[in-house]
Amino acid sequence: MKHFITGVMLLFSCMTCAQHVFEATVKDEVSDAPLFGVSVYIAELEKGAATNAEGYAVIEGIPDGTYTIRIQYIGYEALEFEQTFPPEEGRQHVTYYLHQAHEEMEEVVITSTRSSRTIEDIPTRVEFIAGEELAEKGNMKPGDIRMLLNESTGIQTQQTSATSYNSSIRIQGLDGKYTQLLRDGLPLYSGYSGGLSLMQIAPLDLKQVEVIKGASSTLYGGGAIAGLVNLISKTPEEERELSFMINGTSALGLDASGFYSEEYGKVGTTVFASYNKGTAYDPADIGLTAIPEFERFTVNPKLFLYLSEKTEINAGFNYVTENRLGGNMDYIKNDSDTGYYEKNNTDRFSTQFDGTYKLSEHTRIQLKNSVSIFERSIAIPGYTFAGNQVSSFSEANISTIGEKMEWIAGLNLWTENFSQSEGSPGQDLGFSNSTIGAFVQNTWNMAEKWTLETGLRGDYQSDYGFYALPRFSLMFEPNDRLTFRTGGGMGYKTPTIFTEDVERLQFRNVLPLSVDDSKAERSVGINLDVNYKWPVTGSLSLSTNALLFYTRINDPLLLTATPGSYYEFIQPDGYIDTQGVEANMKWSYHDFKLFIGYTFADVKQHYREGTTEYSLVATHRLNNVLMYEKHENFWIGLEAYYFSPQKLNDGATGKSYWIMGIMSEKKLGEHFSLFLNFENMLDTRQTRFDTIYTGNIDNPQFRDIYAPVDGFVINGGFKLMF
């Protein structure tokens, strides 16, 4: 027995001697700062650890042998090496330095906050769509940005016409009139020109899309109560880009586009041109178009001048012309003299100018200007509405960047003139106004882990007077894995006839606004954002984000019917508020990525009569995307989106529904790729489980559109890249 116990002790002692320890400290190579939450993993042993606040990690219980150790952290290049145990020099504690993944970081430099910071350093919460995600959505809808926005958490595109496909943006459940749509920081798509803007903006010349949710009027002026969407165009690079895309759909649609970009010496240029065609399409076989017949041409050239190290100028124009016809299929296909139709003929011309002069290494002056001319006519049987909008935006700002502070201050001038050429008798909706504003913004690294951004704007509107708009954003980063952001601000929206409700009526029998009897809608909003990154193992990582939001709008402008079959705007005592949460989760494992997003939006109207639910808001939404991607070779994705029941304007409640799709692309060589997508494979259509109109098909009374009407559509094509 004595010998047996001695043998067991010797065996245990030998086993203990064969267990080794790996110790390491991981730091950023540039700042020499320790990195918290870095994954240190030995795949052969399925053993791992994560670094603490000092960047230290230890893995114990390593048997004799040679193993591959992988050190991985989100935003950095992974480090992989072999280590033999026991080490020749005995137990060692080594410091490893990680390199930032610069190619990925360049894609997330944000411009909408008017600073020059990357997305990790900005106190204001900004969402962006860029790179491969932008390309994927561009493959599915090359002709417009509706799908690009609608499949983002917290954003819903609301179709305002059953037959012509017109749509607007809703952020956190609020009407489209409360969202600013910008192009390179210039407001080109407001007012009368906003009704068709989503359907007339092609995404193929965009570098990225930036979204700021919540009160943003301090940044770009009135109107951004729900938030803003900034479309950032591609700019010339040293390497030439020449690409072409051809896309066709099972609904007999066609998209053809080309993009050219190059920088040579002190001159650069980008040119984008596209042709988009739609054929009248009625998948429900009810005699009305789900997709209208349309033909659109777009051209957008830009010239970039790099006059010196201090001076840069770019200027260009955008021209879009489109004829769109929806309604009765017999009327469209057979040139019938009778039947319901809706014609939209538009011409959009806008100019853009941006000039920058560097006074010093840290200070610059910027001048920006845009002029937009938009002509549109809307015709239905027995009625035509037409008008011309001329608007302009001008800005001068100066910015300076210090060691701990960044300042920007500037002046803005907006002008808008709308002249009506056709409409209902006695109905003249024309107007002219201007707004002058001044703003100042400061971003302050107040402590090692705290950053504060504050801003103040003052606007004077020619019809409605003066408005002061403060805002703030605060960011706290306790470590590299966890970030807290909170922010709030005030906003305003001057009364306008250009709303979703008026679009649904084609402006028919809408009475003009009275400046004396109306006032601006005022808002206050606040949000809290938490972001957490967790490298679970060397191959598996998780990034999560949660946003809590609240916005209140006082004195909302409402369109109501009068006894004489006219519609007028009123402002009853009361308010609209939206509150809720957005949650996002991204899992990455080797070549697989899983995105899960959830939106809860509780939007209510509060008036003397009581509190009611806001119409056309899906209280619960789910966004799910599973991707498999071999970089620069092949990718395929499965999408699934859920919309909960929505209250409708006629008092009914719409059905809940799911939308599913498959998207794919295969690269064949360096210059050629094929893509194929199956959109809405479940053939989810409002016409399958509900009606879209009442009355006679030749004189339909349309109901709210809360679900797709075009159903299952296959699209595919090819891209050439040189």
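The values are calculated or read from the model by the stated rules, or taken from the named source; none is laboratory data. All values derive from a computational prediction rather than experimental measurement. Reconstructed Cβ throughout: ideal geometry from the backbone, glycine too, with neighbour counts over all protein chains shown. Please note that ligands, DNA and RNA were not included when accessible areas were found on the heavy atoms of the full protein model with its side chains. Shrake-Rupley method; radii C 1.70, N 1.55, O 1.52, S 1.80 Å.
Key figures for this structure:
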| item | result |
| --- | --- |
| Residue tally, condition on the phi > 0 side of the Ramachandran plot and surrounded by 19 or more Cβ atoms within 10 Å (Cβ to Cβ), over the stretch 113-133 | 1 |
| Those residues of the stretch 632-645 which are assigned to a loop (DSSP other than H, G, I, E, B) and at pLDDT 95 or above, in sequence order | 644, 645 |
| Enumeration of residues in the stretch 227-242 that are surrounded by 17 or more Cβ atoms within 10 Å (Cβ to Cβ) and closer than 18 Å to residue 272 by Cβ | 230, 231, 232, 233, 236 |
| Output for the stretch 253-294, where each listed residue is among the aliphatic types (A, V, I, L, M) and more than 25 Å from residue 338 (Cα to Cα) | 254, 256, 267, 271, 273 |
| Residues being open to solvent by less than 50 Å² (accessible area, probe 1.4 Å) and part of a strand (DSSP E or B) - total across the stretch 559-569 | 3 |
| The stretch 666-690 - residue that is open to solvent by 60 Å² or more (accessible area, probe 1.4 Å) and out of contact with any Phe, Trp or Tyr (no Cβ under 8 Å at 6 or more places or on another chain) and, of those, nearest to residue 249 (Cα to Cα) | 676 |
| Qualifying residue in the stretch 263-285 (condition: more than 28 Å from residue 719 (Cβ to Cβ) and polar (S, T, N, Q)) | no |
| Those residues of the stretch 251-279 which are over 27 Å from the mean Cα position of the chain (by Cα) and not in a strand (DSSP E or B), in sequence order | 252, 265, 266, 279 |
| 3 or more residues touching a residue at least 12 places away in the same chain (Cβ under 8 Å): qualifying strands (runs of 3 or more DSSP E) within the stretch 646-722 | 657-667, 672-679, 699-702, 713-721 |
| Test: residue 196 is over 17 Å from the mean Cα position of the chain (by Cα) and closer than 17 Å to residue 149 by Cβ | yes |
| Close pairs (6 angstrom Cβ cut-off, 6 or more residues apart or separate chains): closer than 30 Å to residue 343 by Cα in the stretch 489-505, of a type outside the set (S, T, N, Q) and in a strand (DSSP E or B) anywhere | 493/521; 501/559; 502/510 |
| Residue in the stretch 134-171 that is least open to solvent (accessible area, probe 1.4 Å), counting only those that are in contact with a Phe, Trp or Tyr (Cβ under 8 Å, 6 or more places away or on another chain) and under 15 Å from residue 679 (Cα atoms) | 139 |
| Breaking point among (1) open to solvent by less than 30 Å² (accessible area, probe 1.4 Å); (2) more than 17 Å from residue 127 (Cβ to Cβ); (3) of a type outside the set (Lys, Arg), for residue 580 | (2) |
| Given (1) open to solvent by less than 70 Å² (accessible area, probe 1.4 Å); (2) within 24 Å of the chain's Cα centre (by Cα), index of the condition residue 535 fails | (2) |
| Complete set of residues in the stretch 546-588 that are within 30 Å of residue 628 (Cα to Cα) and either of a type in the set (A, V, I, L, M, F, W, C) or over 19 Å from the mean Cα position of the chain (by Cα) (or both) | 546, 547, 581, 583, 585, 587, 588 |
| Qualifying strands (runs of 3 or more DSSP E) (wholly inside the stretch 453-558; at least 2 residues being on the phi < 0 side of the Ramachandran plot and charged (D, E, K, R)) | 482-493, 521-535 |
| Hey, residue 657 open to solvent by less than 60 Å² (accessible area, probe 1.4 Å), among the aromatic types (Phe, Trp, Tyr) and closer than 19 Å to residue 150 by Cα or not | yes |
| Number of positions in the stretch 538-558 that are hydrophobic (A, V, I, L, M, F, W, C) and open to solvent by 50 Å² or more (accessible area, probe 1.4 Å) | 1 |
| Where residue 595 falls short, out of the listed (1) touching a residue at least 40 places away in the same chain (Cβ under 8 Å); (2) farther than 23 Å from residue 646 by Cβ; (3) open to solvent by 50 Å² or more (accessible area, probe 1.4 Å) | (1) |
| Complete set of residues in the stretch 472-483 that are in contact with a Leu (Cβ under 8 Å, 6 or more places away or on another chain) and either open to solvent by 20 Å² or more (accessible area, probe 1.4 Å) or aromatic (Phe, Trp, Tyr) (or both) | 472, 474, 480 |
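The rows are residues; the columns are (1) surrounded by 20 or more Cβ atoms within 10 Å (Cβ to Cβ); (2) touching a residue at least 12 places away in the same chain (Cβ under 8 Å); (3) over 30 Å from residue 489 (Cβ atoms); (4) touching a helix residue (DSSP H, G or I) at 6+ places or on another chain (Cβ under 7 Å).
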site	(1), (2), (3), (4)
252	no, yes, yes, no
256	no, yes, yes, no
266	no, yes, yes, no
272	yes, yes, yes, no
279	no, yes, yes, no
284	no, yes, yes, yes
289	yes, yes, yes, yes
297	no, yes, yes, no
315	no, yes, yes, no
